[in-house]
1. Restricting to the range 117-130, and then to whatever is in contact (Cβ under 8 Å) with a residue 24 or more places away in the chain and in contact with an Asp or Glu (Cβ under 9 Å, 6 or more places away or on another chain), can you tell me which residue is farthest from residue 316 (Cα to Cα)?
2. Have a look at 146, 98 and point out the one that is among the hydrophobic types (A, V, I, L, M, F, W, C), closer than 22 Å to residue 82 by Cβ and either out of contact with any strand residue (DSSP E or B) (no Cβ under 8 Å at 6 or more places or on another chain) or not in a helix (DSSP H, G or I) (or both).
3. Which of the residues belonging to the range 517-545 are open to solvent by less than 30 Å² (accessible area, probe 1.4 Å) and in contact with a Ser or Thr (Cβ under 6 Å, 6 or more places away or on another chain)?
4. Identify the residue in the range 484-509 that is among the polar types (S, T, N, Q) and not in a loop (DSSP other than H, G, I, E, B) and, among all such residues, is surrounded by the fewest Cβ atoms within 10 Å (Cβ to Cβ).
5. When residues of the range 431-483 are filtered for being assigned to a strand (DSSP E or B) and open to solvent by less than 30 Å² (accessible area, probe 1.4 Å), how many remain?
6. Would you pick out the residues in the range 753-779 that are under 24 Å from residue 719 (Cα atoms) and either open to solvent by 20 Å² or more (accessible area, probe 1.4 Å) or in a strand (DSSP E or B) (or both)?
Amino acid sequence: MAVKRNWKGAATLVIIWFIILFVSRIFSLLTDFWWFKNLNFEKIFLISIETKIVLFLLSFIVFLIFALFNLWISSKLQRSFISFKLKLLITLVLSYFIGMTTYQKWFTVLQYLNQTPFNIADPIFMKDVSFYIFSLPFILAVWSFIMATVLITLILVTLDYLQAYIAAMFSQRSQAQTIDIKPKLPELKRGVLIHLAVLGSIIFILLAVRHYLSRFSIMFSEKGIVVGAGYTDVVAFLPVMKFLMILAVVIAVLFYIWIFFISGSKKLRKRHILLYAIIVYVIVFFIGPTVIPGIIQSLKVSPNEMNLEKPYIENNIEFTKMAYKLSDVEEKDFKAEQAITANILKEAPETMDNIRILDWRPLTQTYKQTQEIRLYYDLSGIDVDRYYINDKYTQVMLAPREMNQRQITENAKTWVNLHMVYTHGFGVVMSPVNSVTKEGLPNYFIQDIPPVSNVDEEKLTINKPQVYYGEKASSFVLVNTNTKEFDYPKGSTNEYIQYDGEGGVLLNSFTKKLFMALRFFDIKILLSSDITKDSRIMFDRNIQERISKVTPFIMLDEDPYLVISEGKLYWIQDGYTVTSNFPYSEKYGGINYLRNSVKIVVDAYEGTVNYYVIDLEDPLIQTYAKIFPKQFKSYELMSEDLKKHIRYPVDLFKVQSAIYSTYHMKDPTVFYNKEDAWQIPNEVYGTGQQVKVEPYYIIIKLPGEEREEFVLMTSFTPIRKDNMISWMAARSDVENYGKLLLYKFPKDKLIYGPLQIEAKFDQDSEISQQLTLWSQQGSRVTRGNLLVIPIKDSILYIEPLYIQAEQGQLPQLKRILVSDGERVVMEETLEIALNVLFGKARPTITTEEGEERTTEDLIKDAQQYYDAILESMGNDWTAFGENFDMLGEVLEELS
């Protein structure tokens, strides 16, 4: 009775647990459906849910039937002391977990059923690449489910037989003690042995299948000098897998021979043929795939590695370039004459007008200090883009003023304020990359609240400046309620607004309010009298989380950027199709295939999400479009104004640059010896630390082109050296979008790299004196990015210098460092620096006495007065005071 009560109690707990899980899941699914429907993506939601349910039920039922059938057999063959109801309960729980594990492969199944061929065959098995990306993962998933089903069932059946055997053994021992005879071990029934043998044979048949599939793993092997099948893999590993496959099939057959022939003969039973075969299999399984290839690698391959591996290196180079879209990189020669002149600069006006002297990292602090206006606003997300302003192609910095609820003061963090009042950010800040005020602060194109434009440009007009969806949005908000939303501060008062968009789920029924309250565990959603039938609830407002919820199979670029287009604010997010199963391709961060196939646009006011396919040749995005028809739009449907703001993504360019630094070498011998390997150079940044040069956007006229364009570029240096060897540009403008260009410098000519130019700046006596002087005065000197700017056949190097008070938070652009590779100058503005670089007189400063002095003269005077102050300290306080006053006058003239 006690056992029965315990069983019923356990069953009740399991049922309650299932009910709780089911109900909570229903709340989540239904509210998610409303969310997807609001975005017109209910088809994605329904297809994914239907596939998950089918997979769950299919795996649940198959496992349940198979396991119960075998447990029923075990119960019939040998008396069990465990009730079949308890076995049913255990099997149900296990079936649930099997189903939960299996349904997570829903997208693998959909990709397999809708796969698109690559029309590229691998050189070893001659299978299309789609087999490795779509078919093989599906087959392995099916194999894993069947193996788990059979193996878990075998364990359950074995435990069932074991408990019956132990019970029988104790029963015989008890009887033997009663009649005082020596107890015998009970024998297993023939039916039990047959049952276990059948399950064992299935296990080995599955192992044979796995060995067959393991052959294809050599296409991703990282054991050789390159990723992919090498000589040892083909000559040694494949035969070992074939032997294991055959041996596993033989053992599976031996199980049946053992059942029908050997188990009935005591004479033959002693031969243990099956046991010997299993021992051989285990030995080969653990030793064969590692020891045999290792011996061949050491004795045959290593002494002749280049000759034997050459065709496999060629395969790796070819497939890696295809995987990262580097096969079409256009390589050109760049003369690098180093004869840049003022006339050459005059012939590139748009390039010179868009040189980025403002660095986004110190600029972020400046934006925050001057334009956040209120504590709860956040301007930390600065992006680079370009607009036509006053009929000029102009590169700008742009940052949205987002609402950061975490920065609201603690006493103001009421439920109403967090969810109904402080619901959105407001406006943007924009400044050109090449212009600052006399104080070294940015010259704003758009600033303040409400946004004020300092240029007469209709394209910069913002009719909907509210930012409900962004990078900082976190918690849910309720809009269009009886509580007015805070819009923006206005002097000593505030402006309020009622939301009039279509963003969020409409709370037009009690059921919706109830389910939302349960979803967020917030009863106030249900009880609040401010929520009407016209109110909306916005959640998942972070744009990257929002996109990932709709399409979790698309990888996102780290940095979405904001665009002003047709009076509204839009986020543009670059989306990538990726896989780690592209054969023979070098891996980068766990992936070995990468395409920027889709541009995703999110309305900052409405929250709508649109996917525009920009790479129609990508089989992955074609497959996704088949799975979810009419959910991905053609790039042609994107508005013409938004097209002007698409840009080549930084993350993609970083990966391609890193791969190409090695895979520009086409000759397998050169590749094997790494004779011409490159690297991304370092630069001195910030307060003096060395960092990798980040790719940067710039408007330049590429060699041989007729006009300037917006490109993303980086430079390369030979590995473990600092001189530049080449530079790469990714084109962003519509007509040439996505094209990669590589410009190689002459190998017989020294072209200074970023670190070498940084060293030239540091070695210049006037520059080093000025930097020392600022540091001694308690200011912090911050060095910006060193820009390498190709102009015609020459190179110009430019680096901004920021000064910030030791305790201050407002960095100011004070100097520009410029070099043509030979000479270096540091001046207050880029224009003055270029004039001095090309031999024109420095501007003079007229002192109160009418004397004309150059900046360098005043710096020298300041250094002399500073040295005199140090000498007179503690000895001659009169001289100390006089020198201190003179130093102040000189610094005032310098400023």
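1. If we take residues in the range 117-130 being in contact (Cβ under 8 Å) with a residue 24 or more places away in the chain and in contact with an Asp or Glu (Cβ under 9 Å, 6 or more places away or on another chain), then 117 is farthest from residue 316 (Cα to Cα).
2. Numbers: 146 fails: closer than 22 Å to residue 82 by Cβ.
Sole residue among the options that is among the hydrophobic types (A, V, I, L, M, F, W, C), closer than 22 Å to residue 82 by Cβ and either out of contact with any strand residue (DSSP E or B) (no Cβ under 8 Å at 6 or more places or on another chain) or not in a helix (DSSP H, G or I) (or both): 98.
3. Selection gives 531, 535.
4. Keep residues of the range 484-509 that are among the polar types (S, T, N, Q), which gives 492-494, 498, 508-509.
Then keep just the ones that are not in a loop (DSSP other than H, G, I, E, B); that gives 493-494.
Numbers: 493: 7, 494: 13.
Per the stated criteria, the residue is 493.
5. Just the residues of the range 431-483 that are assigned to a strand (DSSP E or B), to begin with: 431-432, 436, 442, 446-447, 452-453, 466-467, 470, 477-479.
Imposing the further condition that a residue be open to solvent by less than 30 Å² (accessible area, probe 1.4 Å) reduces the set to 431-432, 442, 446, 466-467, 470, 477-479.
Looking only at that region, the number is 10.
6. To start, the set of residues in the range 753-779 that are under 24 Å from residue 719 (Cα atoms) comprises 753-762.
Matches in the range 753-779: 755, 756, 759, 760, 762.
Residues are listed down the side, and each one gets a yes or a no for (1) crowded, with 17+ Cβ neighbours inside 10 Å; (2) among the basic types (Lys, Arg); (3) in contact with an Asp or Glu (Cβ under 7 Å, 6 or more places away or on another chain):
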{"site": "208", "(1), (2), (3)": "yes, no, no"}
{"site": "211", "(1), (2), (3)": "yes, no, no"}
{"site": "218", "(1), (2), (3)": "yes, no, yes"}
{"site": "228", "(1), (2), (3)": "yes, no, no"}
{"site": "237", "(1), (2), (3)": "yes, no, no"}
{"site": "242", "(1), (2), (3)": "no, yes, no"}
{"site": "297", "(1), (2), (3)": "yes, no, no"}
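Matching residues to (1) acidic (Asp, Glu); (2) buried (at least 17 other Cβ atoms within 10 Å of the Cβ); (3) touching a Phe, Trp or Tyr at 6+ places or on another chain (Cβ under 6 Å):
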position: 781; (1), (2), (3): no, yes, yes
position: 785; (1), (2), (3): no, yes, no
position: 790; (1), (2), (3): no, yes, no
position: 802; (1), (2), (3): no, yes, no
position: 814; (1), (2), (3): no, yes, no
position: 823; (1), (2), (3): no, no, no
position: 829; (1), (2), (3): no, no, no
position: 835; (1), (2), (3): no, yes, no
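The values are calculated or read from the model by the stated rules, or taken from the named source; none is laboratory data. Not measured: the values here are computed from a predicted model. Here Cβ is always computed from backbone atoms with ideal geometry, including for glycine, and neighbour counts include all displayed protein chains. With ligands, DNA and RNA removed, areas are computed over all heavy atoms of the protein, side chains included. Shrake-Rupley method; radii C 1.70, N 1.55, O 1.52, S 1.80 Å.
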